[in-house]
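**Student:** Got a structure here, written out as structure tokens. Questions coming.
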Amino acid sequence: MIELSNVDKHYGSLQVLSNVSMHFADGEVTAILGPSGAGKSTLIRCINCLEAISGGDIVVNGKSVRDKRAVLDIQKQTSMVFQHFNLYPHLTALQNITLAPIKVLRKNKADVEAQARGLLDMVGLASKGDRHPAELSGGEQQRVGICRALAMNPQHLLLDEVTSAIDPEMTAEVLRVIEELAGTGTTLILVTHEIEFARRIADKVAFMEGGKLVAHSDAETFFNHQSEERISRFVDKMKH
Ligand SMILES: Nc1ncnc2c1ncn2[C@@H]1O[C@H](COP(=O)(O)OP(=O)(O)OP(=O)(O)O)[C@@H](O)[C@H]1O
Ligand SMILES: [Mg+2]
């Protein structure tokens with residue numbers, strides 16, 4: 001469970017998050033939408049302790065991101081998948097996936113490799129475990145990125161525009177993998193511009209603008225009974 005209360009974040013004089021309060025229930029799928037610069041990436045980076053918050057609090061399973069001793073625990077429970085994959089170029093796909101479970105979780109190498117092969121199989125890359133990132137397409141690299149996050153057995157998966165750096169024809173495969181994760185008990189928080197995809201899989205939708213959370217409701221209400229015309233217009237534009 002993730003709880004944000006009155007979260008502020010600023011870089012120097014630039015206020016990037018203003019008084020954001022929201023709750024992510026276990027197993028829930030939340031899509032975060034909003035224009036460029038709204039603070040969407042910053043929000044999920046703060047949940048993952050990649051950025052420090054300036055005010056308020058974020059509590060993940062009872063532990064505050066403000067507590068330095070809790071950071072590793074929180075990062076184990078909240079795996080992140082990045083827009084630009086961020087795979088280690090000198091490691092194979094399999095090694096990218098097994099590195100953290102072996103080094104951070106201190107798991108048995110053979111067990112982790114078996115799990116990693118299972119994950120690669122799940123995303124349709126069973127034969128590519130020995131390839132380096134440069135030998136994989138963008139869509140394949142991103143599926144490895146998702147496997148790497150899942151290998152930590154995270155309770156929460158944070159996905160930041162994971163298809164926006166991929167050729168459109170590769171996007172469907174990555175979205176299919178995410179869709180399969182929805183409803184499996186993992187809490188998914190996805191920042192996305194894929195509006196139809198969000199409509200299909202999200203339980204809740206959050207809309208951010210100028211560092212503020214301006215809407216947060218169940219997906220049906222958000223898409224079908226939107227009272228803010230500004231948001232409806234934004235959603236319509238994203239469809240094209
Ligand atoms: N490290 C940083 N230092 C200074 N300003 C930053 C930093 N990171 C982000 N910002 C600023 O914070 C604001 C929010 O950025 P953020 O990346 O969270 O937006 P976003 O909603 O994810 O946008 P996009 O849809 O373009 O990815 C922007 O104005 C951005 O320029
Ligand atoms: Mg972003």
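**Student:** Roughly to the nearest percent, how much of the accessible area of the chain is carbon and sulfur, given a 1.4 Å probe?
**Tutor:** 49 percent
**Student:** Using the charge dipole of the range 2-239 (Lys, Arg: +1 at Cβ; Asp, Glu: -1 at Cβ; taken about the Cα centre), state which of ILE146, TYR88, PRO35 has its Cα farthest towards the positive end.
**Tutor:** Going by the charge dipole, the pick is TYR88.
**Student:** Kirkwood hydrodynamic radius, the chain, all distinct C-alpha pairs: what's the number in Å?
**Tutor:** The answer is 18.4 Å.
**Student:** Suppose every Lys and Arg Cβ carries +1 and every Asp and Glu Cβ carries -1, with no other charges. What dipole size does the chain come out with about its Cα centre, to the nearest 20 debye?
**Tutor:** Computed charge dipole of the chain: roughly 740 debye.
**Student:** Give me the lysines in straight-line cross-link reach of LYS103: C-alpha distance below 22 Å, same-chain residues under 8 apart excluded.
**Tutor:** Counting by Cα, and skipping residues close in sequence, LYS103 has these lysines nearby: LYS68, LYS76.
**Student:** Net charge around SER41, counting only other residues with Cβ within less than 15 Å of its Cβ (Lys, Arg = +1; Asp, Glu = -1)?
**Tutor:** Around SER41, the surrounding residues sum to -1.
**Student:** Mind checking the dipole of the range 5-65: about its Cα centre, +1 per Lys or Arg Cβ, -1 per Asp or Glu Cβ, Debye to the nearest 20?
**Tutor:** Roughly 140 debye for the range 5-65.
**Student:** Assuming R0 = 41 Å, what is the FRET efficiency of HIS193 and ASN108, from their Cβ-Cβ distance, to the nearest 0.05?
**Tutor:** 0.55
**Student:** Moving on to the next point. Given the -39500 (n - 2.57) contribution per DSSP H run of 4+ residues, what per-residue ellipticity at 222 nm results for the chain, rounded to the nearest 500 deg cm²/dmol?
**Tutor:** -11000 deg cm²/dmol
**Student:** Give me the accessible area per residue for the range 2-239, probe 1.4 Å, as a whole number in Å².
**Tutor:** The answer is 45 Å² per residue.
**Student:** Turning to a different aspect of this structure: Which whole number of Å³ per residue matches the convex hull of the alpha-carbon atoms in the range 52-184?
**Tutor:** 127 Å³
The values are calculated or read from the model by the stated rules, or taken from the named source; none is laboratory data. As the structure is a computational prediction, the values presented were derived from the model and not from experiment. As a convention, Cβ positions derive from the backbone with ideal geometry for all residues, glycine included, and neighbour counts pool all protein chains shown. Protein only, heavy atoms only, side chains kept; ligands, DNA and RNA dropped before computing areas. Shrake-Rupley method; radii C 1.70, N 1.55, O 1.52, S 1.80 Å.
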